[in-house]
Amino acid sequence: RASDWSSDVCSSDLSTPFQQEIEKENQNIDIFLKGMAEYPPPIPDTVIMHILSEAGLSTSDPRVHRTLNVACQKFISDVLEDCACVAKQRKKGKQAKQKGLDLEVSDLKVALEMRNIHIHRPDRKSVV
C-alpha cells in the first residue's frame, strides 16, 4: 500500500546530504550567536534600537541586536579602511613629508561615494 510506503520513508532516520549540510550550518550559526553573547558590543544597544526603529522594525531579541551591531561595526571599519586608502593616495599626490596620516572629510566623502552613499557637507580640514 502507498500509505505504508510513505510512512516508512518519512519515519526513516536516514538524512540526505542536504539535510546534513543544513544541520551543520545551524550548528555553526548557534556557535556564532553564543560567541556574540560573550563579545562586548562596540555600539551601544540604544543606538542599535534607534537604527531598527528608523527602519520600521521592533524586536527585543538580543541576537538581532548583536547581529546588527556586528554588521554596523564591519561597515564602519570598511568605510574607514577605504577612507585611509583615499587619504594615502591624496598624500602621495602632494609629496608631503608628514609621517602621520590625516583623514579629511573629503576623504570620507570619496570613500562613501565608492559605496554609493552621497553626503553633502562642507569640507573641513580634519575628521580625526
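Output needed: percent of Cα pairs per 5 Å distance bin for segment 36-113, bins running from 0 to the one holding the longest distance.
3, 14, 20, 14, 13, 12, 10, 7, 5, 2, 0
In debye, nearest 20: dipole of segment 13-76 around its Cα centre with unit charges on the Cβ of K, R (+) and D, E (-)?
Its charge dipole is roughly 260 debye.
Ignoring ligands, DNA and RNA, what accessible area per residue does segment 15-60 give at 1.4 Å, in Å²?
Value for segment 15-60: 83 Å² per residue.
What does the extension gain come out to for Glu113 and Glu21, with contour length at 0.36 nm per residue minus their alpha carbon separation?
Length gained between Glu113 and Glu21: 29.3 nm.
Computing the accessible area with a 1.4 Å probe over protein heavy atoms, can you report the carbon and sulfur percentage for segment 37-95?
Carbon with sulfur: 61 percent of the solvent-accessible area.
The values are calculated or read from the model by the stated rules, or taken from the named source; none is laboratory data. The structure displayed is predicted, hence computed values, not measured ones. All Cβ positions, even for glycine, are placed from backbone atoms using ideal geometry, and neighbour counts span all protein chains on display. Please note that ligands, DNA and RNA were not included when accessible areas were found on the heavy atoms of the full protein model with its side chains. Shrake-Rupley method; radii C 1.70, N 1.55, O 1.52, S 1.80 Å.
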